[in-house]
Amino acid sequence: MKAILLAVFLYPLFVIAQIKKAPDRKEGEGPWPQLIIRGVILIDGTGAPAIGPVDIVIERNRIKEIALVGSPGVAIDKAKRPKLMEGSKELDCTNMYLLPGFIDLHGHIGGKEQGTDAEYVFKLWMAHGITTIRDPSAGNGLDWVLDQKKASAENKITAPRILAFTAFGQGSKEKLSTSEQAIAWVRENAKKGADGIKFFGASPHLMKAALEENKRLGLRSACHHAQLHVARWNVLNSARSGLTTMEHWYGLPEALFEDKTIQNYPLNYNYANEQNRFEEAGKLWKQAAQPYSAHWNKVMNELIALDFTLDPTLNIYEANRDLMRARTAEWHQNYTLPSLWKFYEPSRISHGSYWHNWGTEQEISWKENYRLWMTFINEYKNRGGRVTVGTDAGYIYQLYGFSYVREMELLREAGFHSLEVIRSATLFGAQALGIEKDSGSVEAGKLADFVIVDANPLENLQVLYGTGAIALNEKNEVIRRGGVKYTIKDGIVYDAKKLLADVKKMVDDTKAGTGSKIIQPGIKEF
Ligand SMILES: [Zn+2]
């Protein structure tokens, strides 16, 4: 999802309005010559089951040793524990759970339209254990993103690691129309230091030339196959030319058509009318080959053989199947900026705010759409295909950080075991980005990027929400469990709840300054 989407392929000379960069870092402690995390239960991201208690020894920003130090329910023999060096730090995490830092494959760093400065977005991500993001389109401009990437890599700001995937054609002085121009742009993009390209679809000769050259240079790529192009270039065409990840789902049903070649558009459909666009999209999966049919199998198997990654971003369409759930999520009140709320509201102009007339009929279509889509995703995983966790937050009532946990829940709903969900969020994300040597699992030698939470996320993924999960204690009182406790990046320990408190303060201050409130669409006041 990106409002500049039309601008990208119609007007290459668009002006980028940038948000404020993150301020110098004041948060976090460390790194230390040695940090020992004591007594934690480890979920390592590889698909291995939980194990503990373990002590994890970190030197500066790398994992040195992972030691099993006892058995559940039995006092730990202190003699067996790794020794703390002088001047080092111990973190008691007895009975807590430790996971690899999460990777968001689809993380736009906000924009002027949303009114979200980088600090707001980065802190929401870090408060949810997200230690790496891929910016799919460099919406604030490549130079801007590369500057924040460098500052994050040096830990001068509180932010996840950033990978920059420039929107295809961004910054070009003329509209790309020849293969030679596409190739020249791809080379220039690599030279500037981008990590890859984000496509939205284009003429077949441009897609082919750009994808092949980008692959030849060893860079990765993402594509949102906008419906304007899918009739002549779908996901299979992209995968065969070297695309590494597909975003969302467009272009996949089109590859699965067998009794038609174009989506069954109503004859008065207009793509620029977003009610049309999203309502009809909800009827698309049922126009594709049925699950487990010969054609469905053939397309899936070819994509898996090409080592192709699905980054479904299920959460970003959830309002389509349950609008009330999305807009009344309990975190909006404290953590959604008024400007962002305004951006979400029904509008004939804002992107992704297409609620001209949305109700039971549209939601039922989308529920059926999800069922077929989820069937494909789950079976793709079962046959050895890679599925990742990406959010596309900042649109359609999905808030940074919170939406990441929701995306995990939706993969669980698709049929993933919780351990498969966590692997998609960590090791598979790292593989899709080509950073698995350093990231994506808790193994000796890798970077010390972790999520620590005081409840078991395998039993209930909701404990990862910043707002935690509701439970009833023995005294019959409603309590909240979880919320990430510590996010560790590069051996630096962040108090995740403090980061979230900073975000709340930003929202409170904005409301106090402007007098704005979050008011439900169409309702002035309760
Ligand atoms: Zn997007």
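Filter the range 240-256 for residues that are at positive phi and within 12 Å of the ligand (Cβ to nearest atom) and give the result.
Hit for the range 240-256 is 248, nothing else.
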*Does residue 82 count as assigned to a strand (DSSP E or B) and either away from the ligand (no atom under 16 Å from the Cβ) or under 18 Å from residue 129 (Cα atoms) (or both)?*
no
*the range 126-157, subset closer than 17 Å to residue 194 by Cβ and of a type in the set (D, E, K, R), residue surrounded by the fewest Cβ atoms within 10 Å (Cβ to Cβ)*: 150
*Looking at residue 280, is it farther than 28 Å from residue 125 by Cα and assigned to a helix (DSSP H, G or I)?*
yes
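Does the range 398-411 hold any residues that are part of a helix (DSSP H, G or I) and open to solvent by less than 10 Å² (accessible area, probe 1.4 Å), and which are they?
Step one: filter the range 398-411 for residues part of a helix (DSSP H, G or I), giving 402-411.
Answer for the range 398-411, where residues must be part of a helix (DSSP H, G or I) and open to solvent by less than 10 Å² (accessible area, probe 1.4 Å): 402, 403, 404, 405, 407, 408, 410, 411.
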*Hey, among the residues in the range 94-108 that are more than 16 Å from the ligand (Cβ to nearest atom) and not in a strand (DSSP E or B), which one's surrounded by the fewest Cβ atoms within 10 Å (Cβ to Cβ)?*
94
_Residues satisfying the stated conditions in the range 167-189, i.e. crowded, with 19+ Cβ neighbours inside 10 Å and either in contact with a strand residue (DSSP E or B) (Cβ under 6 Å, 6 or more places away or on another chain) or small (Gly, Ala, Ser) (or both)_ = 167, 168, 169, 182, 189
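What are the residues in the range 209-232 that are of a type in the set (Lys, Arg) and within 20 Å of residue 171 (Cα to Cα), if any?
At the first step, the residues of the range 209-232 found to be of a type in the set (Lys, Arg) are 215-216, 220, 232.
Selection gives 220 alone.
Hand me the list of helices (runs of 4 or more DSSP H) wholly inside the range 130-232 holding 1 or more residues that are within 16 Å of the ligand (Cβ to nearest atom) and aliphatic (A, V, I, L, M). Steps first, please.
On the way: elements: 142-153, 179-192, 204-216.
Ranges flagged: 142-153.
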*Of the residues in the range 30-53, how many are part of a strand (DSSP E or B), in contact (Cβ under 8 Å) with a residue 24 or more places away in the chain and of a type in the set (A, V, I, L, M)?*
6
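When you scan the range 250-271, how many residues do you find that are free of Cβ contacts under 8 Å to residues at least 40 places away in the same chain and part of a loop (DSSP other than H, G, I, E, B)? So that I can check it myself, show each step before the final result.
Here is the first cut: in the range 250-271, the ones free of Cβ contacts under 8 Å to residues at least 40 places away in the same chain are 250, 253-254, 257-270.
So of that shortlist, the ones also part of a loop (DSSP other than H, G, I, E, B) come out as 250, 257-270.
Of the residues in that region, 15 qualify.
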*Scan (1) free of Cβ contacts under 8 Å to residues at least 24 places away in the same chain; (2) surrounded by fewer than 20 Cβ atoms within 10 Å (Cβ to Cβ); (3) in contact with a helix residue (DSSP H, G or I) (Cβ under 6 Å, 6 or more places away or on another chain); (4) not hydroxyl-bearing (Ser, Thr, Tyr) for the single condition residue 234 breaks and write down its number.*
(2)
_Test result for residue 414, in contact with a Gly (Cβ under 8 Å, 6 or more places away or on another chain) and open to solvent by less than 20 Å² (accessible area, probe 1.4 Å)_ = no
*Out of (1) free of Cβ contacts under 8 Å to residues at least 24 places away in the same chain; (2) under 17 Å from the mean Cα position of the chain (by Cα), the odd one out for residue 191 is which?*
(2)
_Scope the range 113-125; condition surrounded by fewer than 24 Cβ atoms within 10 Å (Cβ to Cβ) and either under 18 Å from residue 311 (Cβ atoms) or within 16 Å of the ligand (Cβ to nearest atom) (or both); matching residues_ = 113
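The values are calculated or read from the model by the stated rules, or taken from the named source; none is laboratory data. These figures come from a predicted structure and were not determined experimentally. Methodologically, a virtual Cβ is constructed for each residue, glycine included, from the backbone with ideal geometry; neighbour enumeration extends over all protein chains shown. Protein only, heavy atoms only, side chains kept; ligands, DNA and RNA dropped before computing areas. Shrake-Rupley method; radii C 1.70, N 1.55, O 1.52, S 1.80 Å.
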